[in-house]
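Trainee: I am attaching a structure below and will ask some questions about it afterwards.
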Amino acid sequence: MTVNDLEPSSSYEPPCSLSEYAWLIVKIGLTSFGGGVSGWMMRLVVHERGWMTEPEFLTGLALCQVFPGVNVLNLSIWLGYKLHGGAGAVVGALAMLVPPGLLLIALGVGFAQIAGNPGVHAALTGVAAAGVGLTGAMGIRATRRSATGPVPILLVAVTFVAIAVLHWPLVPVVFGLGALSIALAWKEA
């Protein structure tokens, strides 16, 4: 990853307008529930609209997952920055936070009225299962694209075992293996 992967160049012409980007993020924010949102964002931004390549998107996703905070919010900020600089980053953050926040307040009031209904709990269980599936599919796709040699494959495997099997704390594993990964990539460059 280079600085050019993170910043738009001075001769860069965005593939979409700032308002198109804002409306896409509002749509994603208002219609997304649970996990798997980054997979849907990739499909919309990369595959349907062609605003960036899959490697560009996955580079940003990896970066956003390392930073503290909500991955989807981080990704909205990064995508906005990549497409429209600082203004895009601000628009991405606001578009992901404000409309869904207002909808959440309204839904919370309504949910309080129907919370005891067993059908509501069954529906939420189904939505959660779909979210887990989308998150898993995104993880598999990202692994296939980024684990391109023996060292990256080993790092992915060690990370998986450390977190999923040994139940080691996420933050030390990410910082430790992230630092090792950066050092190895730096050495190869």
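Every number in this text was worked out from the coordinates using simple rules, so none of it is lab data. Nothing here was measured: the structure is a model prediction, and the numbers come from that model. Virtual Cβ from ideal backbone geometry, glycine too; neighbours counted across all protein chains shown.
Trainee: Which shape class applies to region 147-189: rounded if a/c is under 1.5, otherwise prolate when a/b exceeds b/c and oblate if not, where a ≥ b ≥ c are the square roots of the Cα gyration tensor eigenvalues?
Mentor: It is oblate, given that a/c is not under 1.5 and a/b is not larger than b/c.
Trainee: Right, here's the next one. Under a Cβ-Cβ cut-off of 13 Å, what is the net charge of the residues other than Leu134 that fall near it, where Lys and Arg count +1 and Asp and Glu count -1?
Mentor: So the surrounding residues net to +2.
Trainee: In deg cm²/dmol and to the nearest 500, what is the mean residue ellipticity at 222 nm of the chain if only DSSP H runs of at least 4 residues count, each as -39500 (n - 2.57), divided by the residue total?
Mentor: Rounded to the nearest 500, the figure is -25000 deg cm²/dmol.
Trainee: Could you list Trp78, Trp23 so that the one with the fewest beta carbons within 10 Å of its beta carbon is first and the one with the most is last?
Mentor: Trp23, Trp78
Trainee: Going by how many other beta carbons lie within 10 Å of each one, how would you line up Ser38, Ser146, Ser17, fewest first?
Mentor: Ranked by crowding around the Cβ, least crowded first: Ser17, Ser146, Ser38.
Trainee: Sticking with this one: Neighbour counts of other C-beta atoms within 10 Å: give me Val90, Val66 arranged from fewest to most.
Mentor: By the 10 Å Cβ count, ascending: Val66, Val90.
Trainee: Still on this model: Among all helices in the chain defined by DSSP H, which have a length of 27 Å or more along the axis from Cα atoms plus a Kyte-Doolittle mean of at least 0.0?
Mentor: TM-like helix candidates: 71-114, 118-146.
Trainee: State the label only: which of [x] 123; [y] 139; [z] 111 corresponds to volume of the Cα convex hull per residue in Å³ computed from the shown model?
Mentor: [y]
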